[in-house]
Amino acid sequence: MGGVALRVEALSRAMEGLVYNFFNLEVLLKVHPLLLKGLRMTLQLCLLVVPLGIAGGLVVAVAYSFHVRWLNWLLIAYIDLFRSFPPLVLLILVFYGLPFLGVEVPSLVAVLLAFLLNTASYYGEIFRAGIESIGRGQREAARSTGLSGLQAMVYVVLPQAVRNVLPDLISNTLEVIKFTALASVVALPELLRMGRVAQGLTYNPTPLIAAALIYLALLWPIVRLLSRLERRTMAKR
Amino acid sequence: MDRIAANFFDLDVMAKYLPSIIDGVWVTIHLAVFIVLAGIALGFVLAVARAFQIRPVNWLIVLVVDVFRALPPIVIVIVFYFALPFVGISMSGFVVAWLSLTLVLASFAEEIFWTGILSVDRGQWEAARSTGLGFLQTLRDVVLPQAVRLTIPPLTNRTIVITKSTAIASVVAVPEILTHASAAQAFSANTTPLTMAAIAYLVIFLPLVVLSRWVESRFGWKR
Amino acid sequence: MLDLKGVRKSFGAIEALKGIDLAVTRQELVFIIGPSGSGKSTLLRCCNRLEEPTAGRVIIDGVDILSPRVDINEMRRHIGMVFQSFNLYPHLTALGNVTLALRRVLKLPRNEANERGRAALDGVGLAERADAWPNELSGGQQQRVAIARALALQPKVMLFDEPTSALDPELVGGVLDVMRRMRETGMTMLVVSHEMGFAREAADRVLFMDEGEVVEEGAPARIFESPEHARTREFLRRVTGP
Ligand SMILES: Nc1ncnc2c1ncn2[C@@H]1O[C@H](COP(=O)(O)OP(=O)(O)OP(=O)(O)O)[C@@H](O)[C@H]1O
Ligand SMILES: [Mg+2]
């Protein structure tokens with residue numbers, strides 16, 4: 001009997017410890033302005049990096065679609081080069097490297113530049129594969145009705161290409177959003193960084209757990225959506 | 001131009017820090033290999049477990065897999081390293097990085113394998129079962145060989161992305177490439193060690209990226 | 001040989017089979033016709049428990065295969081099935097397709113399985129294509145491999161679900177030839193098909209199914225020339241044309 005009571009007590013103490021350390025409302029109330037500030041920065045980063053990356057990727061892919069040999073070599077080299085660098089390495093290189101070049105930019109700009117280089121290469125590869133998946137006939141049909149090359153690309157090829165690679169696009173967007181957390185390493189005050197700062201202030205990891213939960217709330221819907229989409233496309237192959 | 005040479009390609013600095021960068025390369029490779037082996041194996045096991053369609057088990061698998069696909073890996077690493085000790089779970093930086101990224105890779109791999117299993121035509125199951133093969137035999141001899149083939153391109157790409165993110169281990173002081181490079185950069189007040197790190201990653205990962213292109217053209221899309 | 005007693009099957013609200021009674025005797029070839037959605041496939045699939053009947057009994061060679069004590073995998077090898085879409089394993093050669101169950105279910109050693117597999121392929125006229133991959137074979141050849149895959153297990157009954165529907169017209173003959181030869185060697189067969197000519201010439205009995213029921217049955221000549229039911233007449237008029 002005593003043994004059981006002891007074990008129950010130990011368990012409840014462990015639970016208490018868990019709640020105190022990970023789900024401490026008092027701490028959360030104190031630091032939530034910090035977390036919100038971080039969240040705002042994270043969202044801001046996403047709203048900048050994702051559209052910029054998509055735009056950069058489109059430029060790369062459309063340029064590739066002209067099939068100019070030397071240009072395509074260059075584009076593939078760019079894509080593969082930046083697909084080989086860990087984004088964190090790129091970030092640190094750009095962030096600490098730019099000042100050495102005598103270029104003084106706000107840290108946000110350095111972060112954006114690093115992410116853009118990386119992100120555009122991934123989006124570029126996805127769009128490129130999408131465009132390649134559309135038969136030459138589509139473009140020829142469009143050209144035969146008098147559309148210009150660019151018009152054929154924008155109105156005929158790209159819409160189909162995007163549909164074909166939609167899961168990959170969404171999947172990459174998910175990755176890009178996750179990348180923004182790397183900016184914490186160079187002290188950009190985004191969500192993860194603020195979680196760490198708040199943990200330091202309160203000597204309690206609740207803010208960190210809260211930051212993780214915010215990421216989860218933000219990204220889980222995308223993950224679910226992806227599962228559905230991927231299942232559909234893979235079944236078609 | 002001089003400025004670039006002096007700050008990014010300083011030969012003296014390069015010579016001085018080359019050994020430590022190479023040490024880092026070995027750590028990165030070790031970490032990556034352990035992650036790939038454990039992650040893919042675990043993902044495979046989870047996908048096969050999911051094929052049994054036991055409700056509560058499947059819910060659990062989906063939940064775990066979703067969480068590790070949704071969270072940024074650096075968040076997972078930091079939570080494991082800086083939050084778990086508060087509830088009495090302490091692990092070294094290497095173990096934290098290995099465990100975090102293994103769970104991430106396993107989650108993506110599970111999803112990829114599972115999608116592969118689902119995409120094998122129902123007729124294949126039925127044909128096999130109609131000749132008297134059992135569930136496990138059908139899974140092993142008929143479904144998985146077809147599913148795995150389908151999963152090779154996405155799995156290759158995902159594996160590269162995740163092993164690349166071993167650079168994150170630098171935030172928990174694992175002595176891998178980036179850690180050595182950052183330290184060297186601080187000591188020498190010169191960006192050259194970071195350039196070296198970038199080149200080191202290039203040497204490791206560029207062949208893999210090129211390989212993934214080949215894999216894509218070999219296994220992708222056709223059937 | 002194959003006895004169905006009051007077999008019912010519902011998919012949620014849909015009643016696909018509304019109590020089917022059917023007795024196929026040894027060496028008999030029973031032919032099933034009927035409009036799309038009438039439950040023909042469901043009936044066949046209940047015979048080897050690819051679908052679990054909601055009610056009724058399925059007895060094969062004296063064994064109630066719905067009984068929980070029956071080892072269904074052991075039973076299934078006695079019940080060959082041929083599918084409309086062939087369902088060959090694309091990662092195995094023709095011979096590999098035929099020998100998989102021989103090795104895994106009958107546990108034959110590899111060389112013995114190969115021997116038996118080659119004999120089965122020879123039986124469908126494909127001995128020389130044993131090492132071909134499914135995608136290198138024509139539809140008709142694929143379907144013959146699928147038949148060999150079932151035959152190699154020496155089943156007591158063979159179920160055919162529209163075996164020629166997915167084939168180009170000029171390939172149908174080869175598959176029907178194989179089925180004709182099986183009939184001559186005394187195989188018990190239950191065939192769902194739209195090949196009325198084959199039914200006329202080879203079937204012992206024709207069943208007409210509609211909306212989950214057997215509407216009428218009889219000798220082929222009787223069913224085709226003087227159907228009793230309006231529904232049968234209507235169906236035959238539509239498939240044979242005016
Ligand atoms: N797995 C299933 N789930 C739900 N309904 C089903 C399922 N399989 C069959 N049905 C339904 O059962 C009925 C009979 O289907 P069945 O496939 O047996 O018809 P059929 O006679 O073989 O038709 P067809 O000539 O088109 O092959 C149909 O209404 C069909 O929609
Ligand atoms: Mg059918």
| note | Going through (1) within 14 Å of chain C (Cβ to nearest Cβ); (2) assigned to a helix (DSSP H, G or I) one by one, B:Trp214 fails only at (1)
| query | Taking B:Ile199 and the conditions (1) closer than 15 Å to A:Pro87 by Cα; (2) more than 9 Å from chain A (Cβ to nearest Cβ); (3) touching a helix residue (DSSP H, G or I) at 6+ places or on another chain (Cβ under 8 Å), which numbered condition does it fall short on, given that it satisfies the others? | reply | (3)
| Is there a residue in the range B:63-75 that is more than 29 Å from A:Asn204 (Cα to Cα), more than 14 Å from chain C (Cβ to nearest Cβ), open to solvent by less than 10 Å² (accessible area, probe 1.4 Å) and hydrophobic (A, V, I, L, M, F, W, C)? | no
| When the range B:76-95 is examined, which residues are found to be open to solvent by less than 30 Å² (accessible area, probe 1.4 Å) and either of a type in the set (Val, Ile, Thr) or not in a helix (DSSP H, G or I) (or both)? | B:Ile76, B:Val77, B:Ile78, B:Val79
| message | Whether any residue in the range B:114-124 is facing chain C (nearest Cβ under 10 Å), closer than 19 Å to B:Gly39 by Cα and in contact (Cβ under 8 Å) with a residue 40 or more places away in the chain is what I want to check. | response | no
| task | Can you confirm whether the range A:180-190 contains a residue that is more than 10 Å from chain B (Cβ to nearest Cβ), part of a helix (DSSP H, G or I) and modelled with pLDDT of 90 or more? | result | no
| remark: Listed by first then second residue, the pairs whose first member lies in the range C:76-88 and is at the interface with chain B (Cβ under 7 Å from one of its Cβ atoms) and over 18 Å from C:Leu43 (Cβ atoms), whose partner is more than 15 Å from ligand 1 (Cβ to nearest atom) and not polar (S, T, N, Q), with beta carbons under 7 Å and at least 6 positions apart or on separate chains, are C:Arg77/B:Gly132; C:Arg77/C:Ala101; C:Arg77/C:Val105; C:Arg77/C:Leu153; C:Arg77/C:Pro155; C:Asn87/B:Ala127; C:Asn87/C:Ala146
| When residues of the range C:180-195 are filtered for being within 16 Å of ligand 2 (Cβ to nearest atom) and not β-branched (Val, Ile, Thr), how many remain? | 4
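Among C:Met209, C:Met189, which is the only one that is within 16 Å of ligand 1 (Cβ to nearest atom), open to solvent by less than 50 Å² (accessible area, probe 1.4 Å), among the hydrophobic types (A, V, I, L, M, F, W, C) and closer than 18 Å to C:Leu44 by Cα?
Within the list C:Met209, C:Met189, the selection yields C:Met209.
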| field | Considering residues of the range C:95-123 that are free of Cβ contacts under 8 Å to residues at least 24 places away in the same chain and assigned to a loop (DSSP other than H, G, I, E, B) only, the residue most open to solvent (accessible area, probe 1.4 Å) | value | C:Lys107
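Matching residues to (1) more than 17 Å from C:Pro163 (Cα to Cα); (2) under 15 Å from the mean Cα position of the chain (by Cα); (3) at pLDDT 90 or above; (4) within 15 Å of ligand 2 (Cβ to nearest atom):
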{"position": "C:Val7", "(1), (2), (3), (4)": "yes, no, yes, no"}
{"position": "C:Phe11", "(1), (2), (3), (4)": "yes, no, yes, yes"}
{"position": "C:Lys18", "(1), (2), (3), (4)": "yes, no, yes, no"}
{"position": "C:Gln27", "(1), (2), (3), (4)": "yes, yes, yes, no"}
{"position": "C:Pro35", "(1), (2), (3), (4)": "no, no, yes, yes"}
{"position": "C:Ser38", "(1), (2), (3), (4)": "yes, no, yes, yes"}
{"position": "C:Leu43", "(1), (2), (3), (4)": "no, yes, yes, yes"}
{"position": "C:Cys47", "(1), (2), (3), (4)": "no, yes, yes, yes"}
{"position": "C:Glu52", "(1), (2), (3), (4)": "yes, no, yes, no"}
| How about the range C:8-94: which strands (runs of 3 or more DSSP E) wholly inside it have at least 2 residues that are within 15 Å of ligand 1 (Cβ to nearest atom) and under 27 Å from B:Val142 (Cβ atoms)? | C:79-82
| message | Can you tell me which condition C:Met1 does not meet? The list is (1) within 16 Å of ligand 1 (Cβ to nearest atom); (2) away from every other protein chain (no Cβ under 14 Å), and all the others hold. | response | (1)
| remark: Scanning the range B:49-64 for residues that are part of a helix (DSSP H, G or I), out of contact with any Leu (no Cβ under 7 Å at 6 or more places or on another chain) and not charged (D, E, K, R) gives B:Ala49, B:Pro56, B:Val57, B:Asn58, B:Trp59, B:Leu60, B:Val62, B:Leu63, B:Val64
| request: Might you check whether a residue that is open to solvent by less than 50 Å² (accessible area, probe 1.4 Å), closer than 30 Å to B:Leu118 by Cβ, in contact (Cβ under 8 Å) with a residue 12 or more places away in the chain and within 14 Å of chain A (Cβ to nearest Cβ) occurs anywhere in the range B:17-34? | output: yes
| task | State whether one or more residues within the range C:59-72 are more than 16 Å from ligand 2 (Cβ to nearest atom), facing chain B (nearest Cβ under 10 Å) and of a type in the set (Val, Ile, Thr). | result | yes
| note | Of the listed residues (A:Ile92, A:Ile79), the one being among the aliphatic types (A, V, I, L, M) and either over 22 Å from B:Ile74 (Cα atoms) or more than 14 Å from every other protein chain (Cβ to nearest Cβ) (or both) is A:Ile79
| task | Please report, ordered by residue number, the helices (runs of 4 or more DSSP H) entirely within the range B:109-211 with at least 2 residues that are modelled with pLDDT of 90 or more and surrounded by fewer than 20 Cβ atoms within 10 Å (Cβ to Cβ). | result | B:122-130, B:135-138, B:144-164
| task | Could you identify the single residue in A:Leu93, A:Leu71 that is part of a helix (DSSP H, G or I), out of contact with any strand residue (DSSP E or B) (no Cβ under 7 Å at 6 or more places or on another chain) and under 25 Å from A:Gln138 (Cα atoms)? | result | A:Leu71
| Going by the conditions given, is A:Arg193 more than 9 Å from every other protein chain (Cβ to nearest Cβ) and in contact with a helix residue (DSSP H, G or I) (Cβ under 8 Å, 6 or more places away or on another chain)? | yes
| Given the structure, is A:Val59 away from every other protein chain (no Cβ under 14 Å), open to solvent by 30 Å² or more (accessible area, probe 1.4 Å) and within 22 Å of B:Val209 (Cβ to Cβ)? | yes
| message | Only one of C:Phe208, C:Phe198, C:Phe160 is more than 16 Å from ligand 2 (Cβ to nearest atom) and among the aromatic types (Phe, Trp, Tyr). Can you tell me which? | response | C:Phe198
| task | Confirm whether A:Gly102 is at positive phi, touching a helix residue (DSSP H, G or I) at 6+ places or on another chain (Cβ under 8 Å) and within 8 Å of chain B (Cβ to nearest Cβ). | result | yes
| Out of (1) more than 14 Å from chain B (Cβ to nearest Cβ); (2) among the aliphatic types (A, V, I, L, M); (3) surrounded by 15 or more Cβ atoms within 10 Å (Cβ to Cβ), the odd one out for A:Val27 is which? | (1)
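The values are calculated or read from the model by the stated rules, or taken from the named source; none is laboratory data. Computed from a predicted structure; not experimentally measured. Note: ideal-geometry Cβ built from the backbone for every residue, glycine included; neighbour counts use all protein chains shown. Only protein heavy atoms, including side chains, enter the accessible area calculation; ligands, DNA and RNA are left aside. Shrake-Rupley method; radii C 1.70, N 1.55, O 1.52, S 1.80 Å.
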